[in-house]
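> What follows is a structure written as structure tokens; I'll ask about it next.
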Amino acid sequence: MRPEITAVLQNIKEEINAEYGFHEGIPRINYGPCGVGLHSREDYSEEFVIDEMLVYDEATLDKWSYGLDRTYPRFCPSFRRSFVENTVQSNLETLLSQDVPWDR
């Protein structure tokens, strides 16, 4: 992956973690409806199935989060889906404005 792409993905992760924080050292975005966030293969052991979404698919997100509109007050009480969407969108727009090729 190109360094420019990695940097933008890292920025998305940092902005989301700054907004929602951590629970016992684990980013809250990884819990429940907050699980609409970004994960990397390195976060999981080999027995996990990774469903890479290279094209946005809300039905897949809804399926794997067990419902995007559910609430989880213990782990992510202030979750705002619009914040995550805006964070991802603005960072991807920055990347697109840099005209970075997507291939390796």
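> Search the structure for amide H atoms under 5 Å from the amide H of His23, placed 1.01 Å from N in the peptide plane, and list their residues when 5 or more places away or on another chain.
Answer set, sorted by chain and number: Arg28.
> Further, regarding this structure: For the stretch 11-21, what does the Karplus curve 6.51 cos²θ - 1.76 cosθ + 1.60, with θ = phi - 60°, yield as ³J(HN,Hα) per residue in whole Hz, taken in order and with x for Gly and Pro?
Result, rounded to whole Hz: 5, 4, 4, 5, 5, 5, 5, 5, 6, 9, x.
A short reminder: the numbers here are calculations on the coordinates, not readings from a lab. No experiment lies behind these values; they were computed from the predicted model shown.
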